[in-house]
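Structure, as structure tokens:
Just so you know, all these numbers are worked out from the coordinates, no wet-lab data involved. Everything numeric here is computed off the predicted structure, so don't read it as measured data. Here the Cβ positions follow ideal geometry from the backbone for every residue, glycine too, while neighbour counts run over all protein chains shown.
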Amino acid sequence: MAEGFNQAFADVAFALQSDPDDDVTLDGDRLLVKGRLFAYLDGSALVVDLPAPRSADLIERGVASAADGAHTASGAWAAIAAEEDWPELASEAHQFVGEPAVGRDS
């Protein structure tokens, strides 16, 4: 995990926490939605949980690299170095992890 302050991460966290409907919490250098981890700071990279095909596409195009512990039940963790991509990809990860699984709303 990261050591020290990262302004880009703080900006992403603030933006996601500013919408009360998003139910985003900050736990150190980790972002959670409804108590589930969807993004965290690892050194100088933002690591996000995305659908496996989206993560694979980002890695293939050189936008991201595979993160340690790279797979979850339905997604894959991708490490994003370019801070300008963090807001968009953190938002995608938030939506991906925060959505209820199909069939679990009833």
- Task: Please work out how much length the chain gains when fully extended from Arg36 to Glu88, using 0.36 nm per residue of separation minus the C-alpha to C-alpha distance, in nm with one decimal.
- Result: 16.9 nm
- If amide H atoms are modeled at 1.01 Å from N in the peptide plane, then the residues at a separation of 5 or more from Ala64, or on another chain, having amide H under 5 Å from its own are Ile59
- Task: Take the Cα atoms of the range 1-68, find their three principal axes, and give me the spread along each one in whole Å, biggest first.
- Result: 34, 28, 18
- Query: What ³J(HN,Hα) values, in whole Hz, does the Karplus curve 6.51 cos²θ - 1.76 cosθ + 1.60 give for the range 59-64 when θ = phi - 60°, with x put for Gly and Pro?
  - Reply: 5, 4, 7, x, 6, 9
- For Ser18 and Ala66, what does the FRET efficiency come to when R0 = 30 Å and r is the distance between their Cβ atoms, rounded to the nearest 0.05? 0.50
- For Gln95, put the label point 7 Å out on the Cα→Cβ axis and report which residues of the range 19-50 keep their amide N under 15 Å from it. 22, 49-50
